[in-house]
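Asks: Structure incoming, see below.
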There are 2 protein chains.
Amino acid sequence: MKSINLREKFCLALLGVCITVTGANAAKRGDERIVYDGDYVKSREEHGAAWADEDASLQARLAELEAKYGKRPNIIHIMWDDNSLGQVGVPQMNKVLGFDTPRINQMAREGISFTRMYTEPSCTPTRTAALTGRLAVRAGMHNVGFPPHGMGLHKNEVTIAEVLSDVGYQTAFVGKAHQGDIKQSYMTNQGFDYANFSMYNQFPFIGWQPGGMADGLFKSQWDKNYTIDSGFRPLGFVNQLEGRKGEAPRVFTGNSRPEYTKLIRTHQEIVVDYIKTNADSDKPFYLAYWPHVFDPARAPDSLTSNANNWVAQSLEDMDRDIGEVLDALREAGIAENTVVVAMADNGPMHELAPLTQEPWFRGGKGDYLEGGIRVPAFAWWPGTIGEDQIVGDIVTVHDLFTTFISLGQGLKKIPTDRVIDGIDQTALLLNGDGHSRRDYYHVYTGNFLAASIKQQFKRVWVGAKRGLIGEEFTNVYTDPREKHLKMPPYLWAWAPFDHMKERHEALIRKYPHRSPTHGRPYEGIANLSAAAQAVADGVPTTYE
Amino acid sequence: MKSINLREKFCLALLGVCITVTGANAAKRGDERIVYDGDYVKSREEHGAAWADEDASLQARLAELEAKYGKRPNIIHIMWDDNSLGQVGVPQMNKVLGFDTPRINQMAREGISFTRMYTEPSCTPTRTAALTGRLAVRAGMHNVGFPPHGMGLHKNEVTIAEVLSDVGYQTAFVGKAHQGDIKQSYMTNQGFDYANFSMYNQFPFIGWQPGGMADGLFKSQWDKNYTIDSGFRPLGFVNQLEGRKGEAPRVFTGNSRPEYTKLIRTHQEIVVDYIKTNADSDKPFYLAYWPHVFDPARAPDSLTSNANNWVAQSLEDMDRDIGEVLDALREAGIAENTVVVAMADNGPMHELAPLTQEPWFRGGKGDYLEGGIRVPAFAWWPGTIGEDQIVGDIVTVHDLFTTFISLGQGLKKIPTDRVIDGIDQTALLLNGDGHSRRDYYHVYTGNFLAASIKQQFKRVWVGAKRGLIGEEFTNVYTDPREKHLKMPPYLWAWAPFDHMKERHEALIRKYPHRSPTHGRPYEGIANLSAAAQAVADGVPTTYE
């Protein structure tokens, strides 16, 4: 429960105006210069003084840790695809679903389980949010890229890797980036010292190959009579690149299923090796490990008892891999100076692939319902994050940008010429339940605002019904599956939600969204095949 | 995982026939004389020898305990209304739903959480199942009684209280029985030494009063012009009785809301007092505490943060009460000689009352879907039931009858002239996950078989679609919400499920169901009001 800060109120009432404690304290760390969204600004006005006091105590704890370990904490952000809150990390749900995630369950018991971690509803926007601390729509990254798109993250977006590099971290990216296929969007051009990253998602690996699920892609499937535009179908694309900052990346693997199966293992080995190699470095590290995870290329007899379900088996394998990462940290002796956040990037894709269960919430990937955006998430930092915590506060993937940078003492390097949606949640990590500084979230699907969440209430702006009647409300405590979206009991919330939206839109008028960034795909890749180059040459770079 | 018992198989293969170890060992305890349903008999043929070995080891442990404490274990069965697996006992779900059940969560951590405890889909049948160990339909108790019904549990049904009384237990019933309003059905006439029990459910307390939800019941609401049959509306009914075995029970409370609120507290006090009073008795006790729990008569400012939701608040109160029961056992020094099973009686009534959330499963009370029959359930027995277990085996409320009687060494007293559905699950309680002796359940709604469950598969016999196409299947691991009931992937299971149903129905032909038992309500109540007597006199006792 957040209480009104009486000290600040009193000051305002007696003096009419006074220098707020908030600004004064926050200025020391750079936080006050950041352009935040309306509802956080409003809350900071109410609680700023208390938060500043809490921050002072948190900074003292972090300074102690830095003195003890001789450097700021290492940061690992593990983020996988398409998973709903409850599918991993809850032992009862393991039994319900018939597969086991003992290592994530253990991670949860050794740290925090978040029960209201919100993401954007799809891979690309969530990953943009984690990288930039911004709603993806602000960065023009609300679209989902497929090969060969000629689209991606703009070079002027400032990523967490750039900020943390700037304050002395070494940075690495391993796994799925899905931030586009244009040169400026490569992770090697977005601040990472090392990156082994895919430009798109897993579909090209899993299904876009002869005999796979892609209907009509391959030459053998082309219409023999009427095909005029031979460039319509992309053959020869590439997905996974590897490189170092400032160098031309190289294509790391082909697109076949065996290569993909191997890639998943290789990524895990790169991560474990990275931890071992950098454990004793003078510099702390930031590592984004966003594994591909899902692999249908399995012999049936290797599958879990959750019969014939490679999604479940993939999650069991991921669970083992996450356990190995934590083991590696312990074995390297750096567990107590490393914060690990592990989470999914959005809800399950169950409408498209019923193999991915929908255990708790309604809706799935792409959807503004809880099933699309409320993900399993865990934080682990032995000795600093207390054990066995269930945290019910609202927190979002955007917050990790600001929080990790705060832990790295880099708040002053966050750009101040744009809106930053991520809020510093150091207090939530270190002090636990009830210490979030966020009580709201604006949920975008594509480039429009679909719903807004405040406390346990949610208002749908563009719902299943057309027009005014579609502006339904729900209470996600009493109706967690959002089956009874309705208006009359929540008419008291009509104006407050309108005001919230107006605050949000006023700031957009001041800081307009970036348009999607287009360009020629695959530029600057050292070893691009002729076939991929030919495909890239056919992609339009302008639409006028 | 159950492995095929090779020893037994080998014996059969070599000798063609041999005396099974099963029969020989089980005979010592009386288990082999009981008439069980087909699928258990089939499994016992496969695993009997291994189970007999396990039983011998379990009996040795129980004998040690009896020697240590000087008596067989006390048994407490707590069972509340209308709750789905996950609504209590899972800390992550507490945060999801916005209310807390810390004491049940603690109970779970100190013992077993069952994740596949199945009940019948409604109060009356589930309670009959717990009392008799039989599918309620076999006892003619598939109907739900409301005042004044003139219907109830037949005197020739043998209850757990009768069997345990017979082998030296003292027995008590406190709370909601819902086993009917005819004299033979009173808990005081069904084996309980002491009973404070309601004949119906909570609706008469909660809503059947002036200003309540009952439309048209009260004289002020009667049609002034056309009411001819003045006996159609029941005025003057009673619900809660108290008495001792063999004595005429007395009406314990009126039906007003304040009296109901007080009754809930009184029941809790009776239970705690019963534990204190009987802790040092020479006789062990069996206590059925089936609390009323749900109380809408609350000041709004006393409610939990799960705003204005008295169902959530009632569950928080129940959680506190269950904690008090466990505390009382510890304080009385008998916790380690007392097994407590706490559970719900069926799924939430969310179709009728959306206040009761549907967090995990589809369907609710009355339904054959998992949401109707898969309930939260916990077992606690410090020192004997291991801590922190999540048990994914199938177990049903019927099994508690046989299991509790087995713990009380009363298997030989279970009647052998009828089908007993309850299976002795002592191995599951003491040895945990993977030790259930049940892998099936036949789900009745009313008096017809609606679905059958085997392993993780379920076949619907009377589904949402008419005729053959309604005979759908599901896998409750991969589709736990039963959204994708379908036939083609499970045609391999068509014949096996048919065979299972044929085994079940063949036994019914041999042991036909009892018809519902009718009679004059309220006979033998010591202090019945004239108004209630008048109502009782108007109830038909025959329908021919």
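Asks: For chain B, just list the percent of Cα-Cα distances falling in each 20 Å bin from zero outward, please.
Replies: P(r) over chain B, rounded to whole percents: 21, 57, 21, 1, 0.
Asks: For the pair B:R33/B:R244, report the inter-label distance in nm, with labels modelled 7 Å from Cα in the Cβ direction.
Replies: Reported label-point gap for B:R33 and B:R244 is 3.2 nm.
Asks: Still on this structure, I have one more. With no solvent and one point per C-alpha, what does the Debye sum give as log10 I(q)/I(0) for segment A:134-216 at q = 0.12, 0.25 Å⁻¹?
Replies: -0.40, -1.22
Asks: Once the label point is placed 7 Å from Cα along Cβ, list for B:K413 the distances to the corresponding points in the other copies, in nm, shortest first.
Replies: Those separations, rounded to one decimal, come out as 7.7 nm.
Asks: So if I restrict to the alpha-carbon atoms in segment B:16-170, what is the Rg, and what is Dmax, the biggest pairwise distance, in Å?
Replies: Computed over the Cα atoms of segment B:16-170, radius of gyration and Dmax are 19.8, 62 Å.
Asks: Could I ask something else about it? Rounded to whole Å and sorted largest first, list the principal axis extents of the Cα atoms in segment A:168-237.
Replies: 60, 23, 13
Asks: Please report how far the C-alpha centroid of segment B:193-238 lies from that of segment B:34-73, rounded to the nearest whole angstrom.
Replies: Centre-to-centre distance over Cα atoms comes out at 48 Å.
Asks: Let me ask another. Could you list, bin by bin from short to long, the percent of Cα-Cα pairs of segment A:396-544 in 10 Å steps?
Replies: Percent of Cα pairs in each bin: 9, 26, 25, 22, 14, 4, 0.
Asks: Next question. How big is the Kirkwood radius of segment B:93-176, worked out from every pair of different alpha carbons and given in Å to one decimal?
Replies: Computed over segment B:93-176, the radius equals 15.7 Å.
Asks: Quick one: what do you get for segment B:124-262 if you divide its Cα Rg by 2.2 N^0.38 Å?
Replies: That works out to 1.16 for segment B:124-262.
Asks: Quote the Stokes-Einstein diffusion coefficient, in whole µm² s⁻¹, for segment B:401-450, based on the Kirkwood radius over alpha carbon pairs, a temperature of 37 °C and a viscosity of 0.692 mPa s.
Replies: Rounded, D is 261 µm²/s.
Asks: Can I ask one more? Once every Cα of segment A:407-492 carries one equal point scatterer and solvent is ignored, give the base-10 log of I(q)/I(0) from the Debye formula at q = 0.11, 0.12 Å⁻¹, two decimals.
Replies: The Debye formula, applied to the Cα set alone, gives -0.45, -0.52.
Asks: Let me ask something additional. If you wrap a convex hull around the C-alpha atoms of segment B:324-461 and split its volume per residue, what is the figure in Å³?
Replies: It comes to 143 Å³ per residue, whole-number rounded.
Asks: Let me ask something else about it. With each label point set 7 Å from Cα along the Cα-Cβ vector, what nm distance links A:A297 and A:S256?
Replies: 0.8
Asks: With bins 5 Å wide starting at 0, give me the P(r) of segment A:110-157 over every alpha carbon pair, in whole percents.
Replies: Reading upward from the zero bin: 5, 21, 26, 19, 13, 7, 5, 3, 1.
Asks: Starting from the Cα gyration tensor of segment B:376-423, multiply each eigenvalue by 5, take the square root, and state the resulting semi-axes largest first in whole Å.
Replies: 24, 14, 6
Asks: Using only DSSP helix segments of four residues or longer, with each worth -39500 (n - 2.57), what per-residue ellipticity at 222 nm results for the protein assembly as shown after dividing by its residue count and rounding to 500?
Replies: Helices in the protein assembly as shown give a 222 nm mean residue ellipticity of -10000 deg cm²/dmol.
Asks: Another question, then. Please report the equivalent ellipsoid semi-axes of segment A:234-345, computed as sqrt(5 x eigenvalue) of the Cα gyration tensor, largest first, in whole Å.
Replies: 27, 22, 10
Asks: Using the Kirkwood radius over C-alpha pairs as Rh, can you work out the diffusion coefficient of the protein assembly as shown via Stokes-Einstein at 4 °C, viscosity 1.567 mPa s, in µm² per second?
Replies: Using the Kirkwood radius from Cα pairs, D works out to 41 µm²/s.
Asks: Same structure again: Taking the mean number of other Cβ atoms within 10 Å as a proxy for protection, how do you rank A:491-498, A:199-206, A:112-119, B:104-111 from highest to lowest?
Replies: Taking the mean over residues of other Cβ atoms within 10 Å, the ranking is A:112-119, A:199-206, B:104-111, A:491-498.
Asks: Which entries of A:K365/B:K486; A:K95/B:K71; A:K95/B:K155; B:K71/B:K262 have Cα-Cα distances beyond 29 Å here?
Replies: A:K95/B:K71; A:K95/B:K155; B:K71/B:K262
Asks: Taking A:R250 in one copy and the same position in all the others, each labelled 7 Å out along Cα→Cβ, what are the pairwise distances from the first, in nm, shortest first?
Replies: Its label point is 9.3 nm from the equivalent points in the other copies.
Asks: List the distances, in nm to one decimal, from the label point of B:R33 to the label points of the same position in every other copy, shortest first, placing each label point 7 Å from Cα along the Cα-to-Cβ direction.
Replies: In ascending order, 8.9 nm.
A short reminder: the numbers here are calculations on the coordinates, not readings from a lab. Quick caveat: nothing in here was measured; it's all calculated off a predicted structure. Methodologically, a virtual Cβ is constructed for each residue, glycine included, from the backbone with ideal geometry; neighbour enumeration extends over all protein chains shown.
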